[in-house]
Amino acid sequence: MEKHHLYLSVVPEALVASMLPAEEFGRYLAVGSHKRSSGVAIYFEIDPDFSSEFFNMGIVPERCVAHADGSPKRSLYLGVYRVMEHIPLEVLGKLYLTTRDGQVLVLEQGELPTAFPDAHYLYDELCPVHPLIASKFDPMVFTKFATNPGSPLCVPKIFFAQLDPAAIIGADKTAEGSPAIHNLPARIKECFEELDAVDKPSKTADRTRQLTFRWNHIKNGYYIGDQDRLLYYPFPSVEALGRNHHAWWRSATL
């Protein structure tokens, strides 16, 4: 039996079997397909022994095989709808962030922070929905809030990045910290002011922000969770990125 890998792609959402190892798979997603010219890719490697009644995993051994010329099967899509909610958190491995030109950064699972001291938080929801959310809730409480089955706006599972508001709206929340899309700095500042003025835990800053984030807006990392569990993937500091991941960081900030 030929070796295969399983990947949970969250940008865009899909379950994919592939003969490509993880970093090569990221380069393929970003630049190696005629179906799209280029684009960032974010995905998890998952346990290759993962089984599911929701997905037709039985086709993997027979269809995720080398081509007649010996080249590897690059992608076998097993699902593109409601995928993430059907992947147990315990089968998730490393998280891979791929830039538009195919540079790949690997993130390991880390320990959740023991304290969240901020008064305001900014979350870039990436899967399965895509708004930019200003909130009073720390990541743990926010995950519970977003996946609460008693809410009409809940999702079964959520994947999001914690952003640094100062990188977008400036350290004093008045000046622009970086070039932004439309009036995003002013809108985020307005949302934080509204959260302070009314008894409301969260507010949508942008409803359609998918893929408009900048990597240098990430504050401390990525989170994926549901009502029962939250996984954390720490994002390196700017200093560590420049020192240890220079090619990726240069590509990510172009």
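Computed quantities for the displayed model
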{"read-out": "Packing rank of 199-207, 67-75, where each peptide gets the mean count of other beta carbons within 10 Å, highest leading", "value": "199-207, 67-75"}
{"read-out": "Degrees between helix 22-31 axis and first principal axis of the chain (Cα, 0 to 90, nearest 10)", "value": "80"}
{"read-out": "Interchain or long-range residues, amide H under 5 Å from Leu163's placed H", "value": "Leu122, Tyr123, Asp124, Lys219"}
{"read-out": "Cut-off 13 Å between beta-carbons: net charge of the residues surrounding Ser251, Lys and Arg +1, Asp and Glu -1", "value": "+3"}
{"read-out": "Helix 184-197 vs. the chain, principal-axis angle (Cα, 0 to 90°, nearest 10)", "value": "60"}
{"read-out": "Overall form of segment 121-252 per C-alpha gyration tensor (a/c, 1.5; a/b vs b/c)", "value": "oblate"}
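Throughout, read-outs are computed from the coordinates displayed, never taken from laboratory work. Since the structure is predicted, the reported quantities are computational estimates derived from the model, not experimental observations. Note: ideal-geometry Cβ built from the backbone for every residue, glycine included; neighbour counts use all protein chains shown.
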